[in-house]
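Every number in this text was worked out from the coordinates using simple rules, so none of it is lab data. The model shown is predicted, which means the values in this text are computed figures rather than measured ones. Using ideal geometry, Cβ is built from the backbone for each residue, glycine included, and neighbour counts are taken over all protein chains shown.
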Amino acid sequence: MRRGSIVRIAIYGVVAGILASLAAVLIPWLPTSASEEMDRIEFTFWFTTVICIGVFSVVAAAILYSVLNFRVQPEDESDGPPIHGHTGLEIVWTAIPAVLVTAISIVSAIVLAKNDDAGPNPLRIAVTAQQFAWRFEYPGDAKATSGELVLPVDRAAKLTLHSLDVIHSFWVPEFGQKSDAVPGIETTLVITPTRKGSYSLRCTELCGLGHATMRAPVRVVDQAEYEKFVTAAAGGGGADANSGETVFATAGCGGCHAFEPAGTDAEVGPNLNAIQPEGGKSLEDFVRESIVDPNAVITGGYQGDVMPNTYDKSLTDEQLDALVQYLVEGQQ
Ligand code: CUA
């Protein structure tokens, strides 16, 4: 091969590499990391991306050079020369990718293992998913429960995920990792937040009509603020764990229903601002029946079998009474 050809191939490769690098760096492909786990995932992505850009440059250079130099003339109908492989080249283009793929798998395995390791003393939070809401139970004697995930910064949190009905999936993009919540088994997810701020948890498993509304607010705060939050969520700071308002929030009613006193505006299920009792029942009886046996009366325009029929088991009598009162008193 002539010297000039090698220089041209090298120039093509460098240009292709620069273009691919610009696309990798200038476009914000990922959200800004807010956890140690996401930092490691980003490292894996960049490690792989650099390898890919290298391979892309070599392939692009070879293709460009071939297309520009070996183009046949329009009137040329002859066959090409009979080439029978090149053992040396084949060994090289098998061995190098094998080494690169092995390197990627080693880095990935290390990152996976580290991202699963919560350390000796993580904050253990139980996450319950159901159509179409998230509920979080915080450790401690106070048994704090909330529809909001609040995490102290720079401390590993180990989430155990449960589902009451179908498969859901836990994902906060800035934390990087995802994990399914599967009925009947317990899955876990480790998060070590590194940046204070507000984020959004979203369900990433198509779980029914309200899937798109199955979100929950996430806050990363300092340790003192976290402790204040847990105390408040446990009922020590004003909000009563068994108040109708709290039950509405933690049972996830707002994931599907609009109800002005709670500030929710979802449209998956009937609007609860002006409930019209059916079947000759009193408003209170109708509301109670609709919560514990949602399929008894299906409001026009809505489908049956969408709302979970498990609230008579998952709510205590006291909570159910409070929720019914809260809804009855909020009628317009
Ligand atoms: Cu839960 Cu989608």
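Where both bridge residues fall in the chain, DSSP classifies roughly 70% of the beta bridges as antiparallel.
Within straight-line reach of residue 114, meaning a Cα separation under 28 Å, sit the following lysines at least 8 residues removed in sequence or on another chain: 158, 178, 196.
Compactness of the range 53-106 is given as radius of gyration and Dmax, 15.9, 52 Å, from Cα positions.
At 222 nm, what helix-only mean residue ellipticity would the chain give, in deg cm²/dmol to the nearest 500, using -39500 (n - 2.57) for each DSSP H run of four or more? Counting only the DSSP helices, I get -13500 deg cm²/dmol. The value given for the chain is a Kirkwood hydrodynamic radius of 24.3 Å, derived from the mean inverse Cα-Cα separation. Would you look at the GNM of the chain, springs on alpha carbons closer than 10 Å, and say which of 137, 148, 278 moves the most? Per the Cα network of the chain with a 10 Å cutoff, 278 tops the list.
Shown for the chain are the DSSP H helices of 30 Å or more along their axis, judged by Cα atoms, with a mean Kyte-Doolittle hydropathy of at least 1.0: 3-26, 36-69, 87-116.
Based on the reciprocal of the average 1/r between different C-alpha atoms, the Kirkwood radius for the range 1-105 equals 17.0 Å. Ranking of 43, 175, 56 by neighbouring Cβ atoms within 10 Å, starting from the fewest: 43, 56, 175.
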